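The values are calculated or read from the model by the stated rules, or taken from the named source; none is laboratory data. The structure displayed is predicted, hence computed values, not measured ones. Cβ coordinates were reconstructed from backbone atoms using ideal geometry, including for glycine residues, and neighbour counts include every protein chain displayed. Surface accessibility is based on the protein's heavy atoms, side chains included, excluding ligands, DNA and RNA. Shrake-Rupley method; radii C 1.70, N 1.55, O 1.52, S 1.80 Å.
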Amino acid sequence: MATFYDHPEILFITLTAIIFCLWRLNKRKNCYSPTNWPVVGMLPGILQNCHRIHDYATDILSENGGTFQLKGPYLCNMDMLVTSDPTNIHYIFSKNFSNYPKGPEFRKIFEILGDGIFNADFELWEFHRRTTLSFMSDSKFYGLLERAVWEKVESGLIPVLDYFCEQETEADLQDIFQRLTFDSICKLVLEYDPRSLSVDMPYIPAEKAFNDAVEALLHRHVVPESIWKLQKWLGISKERKLKQAWKAFDEFIYPCIGLQNSDQSLLALFRKGYGEKNGDSRKFLRDTALSLMFAGRDTTSTCLTWLFWLIAVNPETEEKIRREIGTELQVKNWRRFDVEESRKLVYLHGALCESLRLFPPVALEHKAPIRPDNLPSGNFIQENARVVISFYSVGRMESVWGKDCLEFKPERWITPAGGIKHEPSYKFPAFNAGPRTCLGKEMAFIQMKMVAATIIYNYSIQLVEGHPVYPSDSIILQAKHGLNVRLSKRNRSM
């Protein structure tokens, strides 16, 4: 019977293969980049790390200079270029903006948003932006915003926080912020306040549906389209929750649209502009309202949640914010402050920017070129190829923000003269970048400053010991298990 010794060349090849495999395994011990396996591509590595997908993407991008070509399973259309390189972001979002619409793949994944602004391209996107801008550019807008924010703070936020202080029970700040921003954006867009932020903390299906929806949308990014479509057809897994969320949104939004009587509301402007060309506008108004509700509820509440976690683990920053409030607003006993006064809170502004840098509410963006292109990083992209931009990773890149990129430093946003330091949007894309930069950026900062200042000045906050706080695996970077804290009232005089 023949043995290896009768065929030394086979023995040599076998030993060489074994040694090579051992060398590769040893080499990959400190390597984050996933192995590109036959047939299944890099999917095993993704699934193995899906519980920490945003940090995993950051590890891979850091190791590969900010851009990485991800290979999906054979014939599954999952190949994508992932980047956090600011030069690529600037090129895609600004310099060659016209070549990078959201694309058909984006619309498939985010079908729940229909023809809302997040899915819109070309003429429809221009209509959305023009209409929203005209509403927000009205001279009365910021006065209305200021009154609306303070009314919600005084009638909803403060009573709820006082209740938790009196009961000496744990409070989930993330839940409180989500309810506050949900009520606020509903009032702005639908002219209806559902009063989800009240002492009895009522369960409103549409308010809670956002959490299930954003997790399902990330799921669609990391599994083959055939898999999530099968799950959708069978009504199982995250697709079942997305279907339930869709139903909750429709049952909440459509009746509100039917009750609208004002000719001066935001939806009235959309109804007039869209209806003149397209007739029945109810479905379009539903899509528009839902997109604006996503923007207004999740982004602002997420930033506030991470702000309070960051200052809780960096208590010296909390004291600096309190001193700034007392000094700049000349506060001895708490009072409202207006939009102009909010701009004096530079250190608080820097703290909010740090929260947005480290935990951008929208973790990633999705693009598809309509023509083949070469990125500044040297990567070639085919027509309609999937390009994913990791906003989360940008803020954690040492090459972009320096060796202290993981540290919470509000000071990095303050100029030597004491003003607010502005960074280009391709380096700080928390509000998107280029022509698609968020129109509500200024509105968000005003609302967040009013809410944050109220809490920091009037209450002491302690994290609940042992409560886990880390990002969820979703499109929106919420805290997976909320932010549980204990509240106590401070002496309001400084």
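Only one residue in SER281, SER184, SER265, SER196 is touching a Phe, Trp or Tyr at 6+ places or on another chain (Cβ under 9 Å) and more than 21 Å from GLY114 (Cβ to Cβ). Which one?
SER196
Quick check on ALA368: is it modelled with pLDDT under 95 and in contact with a Gly (Cβ under 7 Å, 6 or more places away or on another chain)?
Yes, satisfied.
Would you pick out the residues in the range 25-39 that are modelled with pLDDT under 90 and of a type outside the set (D, E, K, R)?
LEU25, ASN26, ASN30, CYS31, TYR32
Would you point out which residue out of LYS187, LYS238 is among the charged types (D, E, K, R), farther than 25 Å from ILE257 by Cα and open to solvent by 50 Å² or more (accessible area, probe 1.4 Å)?
Exactly one residue qualifies, and that residue is LYS238.
With open to solvent by less than 20 Å² (accessible area, probe 1.4 Å) and more than 18 Å from GLN478 (Cβ to Cβ) as the only criterion, which of THR300, THR288 stands out?
THR288
Name the one entry in SER425, SER399 that is assigned to a helix (DSSP H, G or I), within 30 Å of SER377 (Cα to Cα), out of contact with any Cys (no Cβ under 6 Å at 6 or more places or on another chain) and of a type outside the set (A, V, I, L, M).
SER399
Looking at the range 324-343, which of the residues that are in a helix (DSSP H, G or I) and touching a residue at least 12 places away in the same chain (Cβ under 8 Å) is surrounded by the fewest Cβ atoms within 10 Å (Cβ to Cβ)?
GLY326
Those residues that are surrounded by fewer than 21 Cβ atoms within 10 Å (Cβ to Cβ) and not in a strand (DSSP E or B), I need them from the range 455-469; list them, please.
Hits for the range 455-469 are TYR457, ASN458, VAL464, GLU465, GLY466, HIS467, PRO468, VAL469.
Among the residues in the range 372-388, are any open to solvent by less than 10 Å² (accessible area, probe 1.4 Å) and in contact with a Lys or Arg (Cβ under 7 Å, 6 or more places away or on another chain)?
Within the range 372-388 (the criterion being open to solvent by less than 10 Å² (accessible area, probe 1.4 Å) and in contact with a Lys or Arg (Cβ under 7 Å, 6 or more places away or on another chain)), the answer is yes, since at least one residue qualifies.
Go through (1) modelled with pLDDT under 90; (2) open to solvent by 70 Å² or more (accessible area, probe 1.4 Å); (3) not β-branched (Val, Ile, Thr) and name the single condition LEU43 misses.
(2)
How many residues does the range 130-165 contain that are closer than 23 Å to GLU340 by Cα, of a type in the set (Asp, Glu) and assigned to a helix (DSSP H, G or I)?
Result for the range 130-165: 3.
Being within 30 Å of ASN458 (Cβ to Cβ) and at pLDDT 95 or above is true for just one of LEU145, LEU173. Which residue is that?
The match here is LEU173.
Report, by residue number, each residue of the range 226-254 that is within 27 Å of ASP193 (Cβ to Cβ) and touching a residue at least 12 places away in the same chain (Cβ under 8 Å).
Selection gives LYS241, LEU242, GLN244, ALA245, TRP246, ALA248, PHE249, ASP250, GLU251, PHE252, ILE253, TYR254.
Taking SER472 as the residue in question, decide whether it is open to solvent by less than 10 Å² (accessible area, probe 1.4 Å) and modelled with pLDDT of 95 or more.
no
Across the range 428-454, which residue is nearest to the chain's Cα centre (by Cα) among those that are in a loop (DSSP other than H, G, I, E, B) and under 19 Å from PHE141 (Cα atoms)?
CYS438
Would you tally the residues in the range 195-206 being under 18 Å from ILE253 (Cα atoms) and either among the basic types (Lys, Arg) or in contact (Cβ under 8 Å) with a residue 40 or more places away in the chain (or both)?
Residues in the range 195-206 being under 18 Å from ILE253 (Cα atoms) and either among the basic types (Lys, Arg) or in contact (Cβ under 8 Å) with a residue 40 or more places away in the chain (or both): 4 in total.
From the list PRO194, PRO224, which one is under 30 Å from PHE164 (Cα atoms) and of a type outside the set (D, E, K, R)?
Result of the check over PRO194, PRO224: PRO194.
Quickly run through the range 71-84 and pick out the residues that are under 15 Å from ILE381 (Cα atoms), surrounded by 19 or more Cβ atoms within 10 Å (Cβ to Cβ) and in contact with a helix residue (DSSP H, G or I) (Cβ under 8 Å, 6 or more places away or on another chain).
Across the range 71-84, the qualifying residues are MET78, VAL82, THR83.
Please go through the range 140-184 and pick out each residue that is charged (D, E, K, R), free of Cβ contacts under 8 Å to residues at least 60 places away in the same chain and surrounded by fewer than 21 Cβ atoms within 10 Å (Cβ to Cβ).
LYS140, ARG147, GLU151, GLU154, GLU166
Quick one: how many residues across the range 249-308 are part of a helix (DSSP H, G or I) and either more than 26 Å from the chain's Cα centre (by Cα) or not aliphatic (A, V, I, L, M) (or both)?
Selection size over the range 249-308: 39.
If I filter the range 383-396 down to residues being at pLDDT 95 or above and part of a loop (DSSP other than H, G, I, E, B), which single residue comes out as farthest from TYR426 (Cα to Cα)?
For the range 383-396, the residue satisfying everything is ARG396.
Can you name every residue in the range 208-235 that is part of a helix (DSSP H, G or I), among the small types (Gly, Ala, Ser) and surrounded by fewer than 19 Cβ atoms within 10 Å (Cβ to Cβ)?
If the condition is that a residue be part of a helix (DSSP H, G or I), among the small types (Gly, Ala, Ser) and surrounded by fewer than 19 Cβ atoms within 10 Å (Cβ to Cβ), then SER226 is the only one that fits.
What are the residues in the range 92-125 that are in a helix (DSSP H, G or I), closer than 30 Å to LYS449 by Cα and either open to solvent by 50 Å² or more (accessible area, probe 1.4 Å) or of a type in the set (S, T, N, Q) (or both), if any?
SER94
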